[in-house]
Amino acid sequence: MTFEDPDQETRIAKLRQELEKLGGSTTTLESMPADMEEEFLRHVLEYETAEPISLLRLLENAGLEIPAPDQLDDTSLTAKLQDVIQRMATVGAYLLHTNHLSDRALYEYLYHDGLREEAVLFPENPSYAYMIDLTGSGSDEDNLIYLKYYADEEHRKQWALDWPDDPMPQHEDPPFDRDSSLPQSPLG
């Protein structure tokens, strides 16, 4: 469907109709300025109608060989991990909070889990980023890792106030220093 009508109100109405056909609601956007609303609705519609694909398939389709971790010695694995991370960035996929994992542990996670999850990716759209946060699952284990290695003191204090029954690990510097050199989304 085309949304190139010269009248912005008509374009927005058509976008809303298409999203409602997909089962979405757009009533909360009415206070948004029209230009922002139109752009937002276009992005949501693009996302909702896109075909999910795994990063593994996308990278392999682009010619990147991603061998199983047990097929690589430590030196080869580190080089392959760097290659995978760089190629992920070229399709708009980025990693967060990796410093608690060795290169092998990170590669194993990516190979067995992270790259196999289906995602909606827009490699041709630099205003879209797919983030893989290695402490972002919401599990107790990930929360503890985040609090231990990544949360600043202010966040730790707020967490303790909000969830007083949760254990608060002592802060430690992560054992590795990779995050500062990871590719960053142009969105920040």
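Look at the range 144-171 and say how many of its residues are under 21 Å from the mean Cα position of the chain (by Cα) and in a loop (DSSP other than H, G, I, E, B). Let's see the steps before the verdict.
Here is the first cut: in the range 144-171, the ones under 21 Å from the mean Cα position of the chain (by Cα) are 144-147, 149-151.
From what is left, the residues that are in a loop (DSSP other than H, G, I, E, B) are 151.
Total meeting the criteria: 1.
Those residues that are at pLDDT 95 or above and in contact with a strand residue (DSSP E or B) (Cβ under 6 Å, 6 or more places away or on another chain), I need them from the range 129-142; list them, please.
Passing the criteria: Ile132, Asp133.
Here is a check on your reading of the model: is Asp142 surrounded by fewer than 16 Cβ atoms within 10 Å (Cβ to Cβ), within 22 Å of Leu81 (Cβ to Cβ), of a type outside the set (Phe, Trp, Tyr) and in contact with a Leu (Cβ under 6 Å, 6 or more places away or on another chain)?
Considered against the rule, which asks whether it is surrounded by fewer than 16 Cβ atoms within 10 Å (Cβ to Cβ), within 22 Å of Leu81 (Cβ to Cβ), of a type outside the set (Phe, Trp, Tyr) and in contact with a Leu (Cβ under 6 Å, 6 or more places away or on another chain), Asp142 comes out as no.
Please find, among Pro126, Pro174, Pro186, the residue that is surrounded by 15 or more Cβ atoms within 10 Å (Cβ to Cβ), out of contact with any Asp or Glu (no Cβ under 8 Å at 6 or more places or on another chain) and assigned to a loop (DSSP other than H, G, I, E, B).
Selected residue: Pro174, the only one of Pro126, Pro174, Pro186 that is surrounded by 15 or more Cβ atoms within 10 Å (Cβ to Cβ), out of contact with any Asp or Glu (no Cβ under 8 Å at 6 or more places or on another chain) and assigned to a loop (DSSP other than H, G, I, E, B).
Limited to the range 48-64, what total is found for residues that are assigned to a helix (DSSP H, G or I), closer than 14 Å to Pro123 by Cβ and in contact (Cβ under 8 Å) with a residue 12 or more places away in the chain?
Of the residues in the range 48-64, 3 are assigned to a helix (DSSP H, G or I), closer than 14 Å to Pro123 by Cβ and in contact (Cβ under 8 Å) with a residue 12 or more places away in the chain.
Just give me the residues in the range 167-178 being at pLDDT 95 or above and touching a helix residue (DSSP H, G or I) at 6+ places or on another chain (Cβ under 9 Å), in sequence order. It would help to see each step written out before you state the result.
Let us first name the residues in the range 167-178 that are at pLDDT 95 or above, namely 168-178.
Scanning the range 167-178 gives Met168, Pro169, Gln170, His171, Glu172, Asp173, Pro174, Pro175, Phe176, Arg178.
Restricting to the range 65-122, name every residue that is small (Gly, Ala, Ser) and in a helix (DSSP H, G or I).
Step one: list which residues in the range 65-122 are small (Gly, Ala, Ser), which gives 68, 76, 79, 89, 92-93, 102, 105, 114, 119.
Across the range 65-122, the qualifying residues are Ser76, Ala79, Ala89, Ala105, Gly114.
Residue pairs, Cβ under 8 Å, 6 or more apart or interchain, first in the range 114-128 and more than 13 Å from Arg57 (Cα to Cα) and modelled with pLDDT of 85 or more, second surrounded by 12 or more Cβ atoms within 10 Å (Cβ to Cβ) and aliphatic (A, V, I, L, M). List them.
No pair meets every condition.
Under 30 Å from Leu59 (Cα atoms) and within 14 Å of the chain's Cα centre (by Cα), is that true of Pro175? Before you say what the answer is, go through the steps one by one.
Values: under 30 Å from Leu59 (Cα atoms): yes; within 14 Å of the chain's Cα centre (by Cα): no.
So Pro175 fails the test.
Could you tell me which residue of the range 26-71 is surrounded by the most Cβ atoms within 10 Å (Cβ to Cβ), considering only residues that are modelled with pLDDT under 75, over 15 Å from Arg11 (Cβ atoms) and under 24 Å from the mean Cα position of the chain (by Cα)?
Step by step, filter the range 26-71, then rank; the result is Glu48.
The values are calculated or read from the model by the stated rules, or taken from the named source; none is laboratory data. Keep in mind the model is a prediction, meaning the values are calculated, not measured. Cβ coordinates were reconstructed from backbone atoms using ideal geometry, including for glycine residues, and neighbour counts include every protein chain displayed.
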